[in-house]
Amino acid sequence: MPVPKGSSLDPDRTRAAILRTAEGVLYARGLDGVGIAELCATAGVSKETLYRHFGSKDELVRCVLEARSDRATNWLARAAADAGDDPAAQLAAVFDALGRWFDEPGFRGCAIVNAATQHHTAPAGTIAARHLGRYLDLLTSIATRAGAADPAALGRRLLLLLEGATVVADHLEGPGAAADAREAALALLDGAVKRPAS
């Protein structure tokens, strides 16, 4: 990226700017929809600069996907935590956050799953498995705190709703994917909670 004459280069800032630009372009166009030359032109850097920071397009993709996974996982965990101590409220907050994301202009589904659909091999496939595992951990912990009889099984079912809602919101026009998944998730949670014997 151009630096005013007399200014010093900031490698961390340059790297962050390349990541930000690459994330936007790769999310909009897919892993195979853009080449290194276009990524460099869009980011305003030379190929030499990009390769100095990342070494290869695969490494750039890995860094983009890992950063996005970290952000998405932390965002949903924060939404749950901000909802207070009630597990049902935490679960509702996760799906409410998804609904706001689905309504954003330029929403194109989950970048990590999209990437893994294009490239089942590493790095995309490996990162997608870890990403979904992190979502599963969050949902299973909510199920555990709620007192579900089988928190692991409930966590998997909730993950199916979360990912299914994301795919439906991306590919089927019309509102309601997050709200419908939220309603189903709360019903599953309610049905899975151990009730004290009367």
### Message
Compute the distance from the alpha-carbon center of the stretch 68-105 to that of the stretch 163-180, in whole Å.
### Response
16 Å
### Summary
Carbon and sulfur atoms account, in whole percent of the 1.4 Å probe accessible area of the chain, for 55 percent
### Task
Assign one of three labels to the stretch 32-175, namely rounded, prolate or oblate, based on the Cα gyration tensor with a ≥ b ≥ c the square roots of its eigenvalues; rounded applies when a/c is under 1.5, prolate when it is not and a/b is larger than b/c, and oblate otherwise.
prolate
## Note on the structure
Spelling it out for A148: with amide H atoms placed in the peptide plane at 1.01 Å from N, the residues 5 or more places away or on another chain with amide H under 5 Å from its amide H are K194
#### Entry: Dipole magnitude (debye, nearest 20) for the stretch 1-116, charges at Cβ of Lys, Arg, Asp, Glu
540 debye
## Note on the structure
The extension gain from A129 to A152, computed as 0.36 nm times the residue separation minus the Cα-Cα distance, is 6.6 nm
### Rounded FRET efficiency, nearest 0.05, which uses the C-beta distance separating D137 from E59 and R0 of 30 Å
0.70
### Task
Obtain the nm distance between the two label points defined at E183 and R13 by a simple spin-label model: each point lies 7 Å from its Cα along the Cα-to-C-beta direction.
5.1 nm
### Task
Using a/c under 1.5 as the rounded threshold, could you call the stretch 101-194 rounded, prolate or oblate? The axes a ≥ b ≥ c are square roots of the C-alpha gyration tensor eigenvalues, and prolate needs a/b larger than b/c, oblate otherwise.
oblate
### Task
Please give the per residue accessible area of the chain, computed with a probe of 1.4 Å over protein heavy atoms only, in Å².
54 Å²
### Task
Please work out whether the stretch 136-184 counts as rounded, prolate or oblate from its C-alpha gyration tensor, where a ≥ b ≥ c are the square roots of the eigenvalues and a/c under 1.5 means rounded, while otherwise a/b larger than b/c means prolate and anything else oblate?
prolate
### Query
Counting Lys and Arg as +1 and Asp and Glu as -1, each charge on the Cβ, what is the dipole of the chain about the Cα centre in debye, to the nearest 20?
460 debye
### Task
As a check on your grasp of the helix formula, calculate [θ] at 222 nm for the chain: sum -39500 (n - 2.57) over DSSP H runs of n ≥ 4, divide by the residue count, round to the nearest 500.
-24500 deg cm²/dmol
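The values are calculated or read from the model by the stated rules, or taken from the named source; none is laboratory data. This structure is a prediction, so every number in the text was calculated from the model and none was measured. A quick note on method: Cβ atoms are made from the backbone with ideal geometry, for glycine too, and the neighbour counts reach across all protein chains shown. The area values use the complete protein model at the heavy-atom level, side chains included, leaving out ligands, DNA and RNA. Shrake-Rupley method; radii C 1.70, N 1.55, O 1.52, S 1.80 Å.
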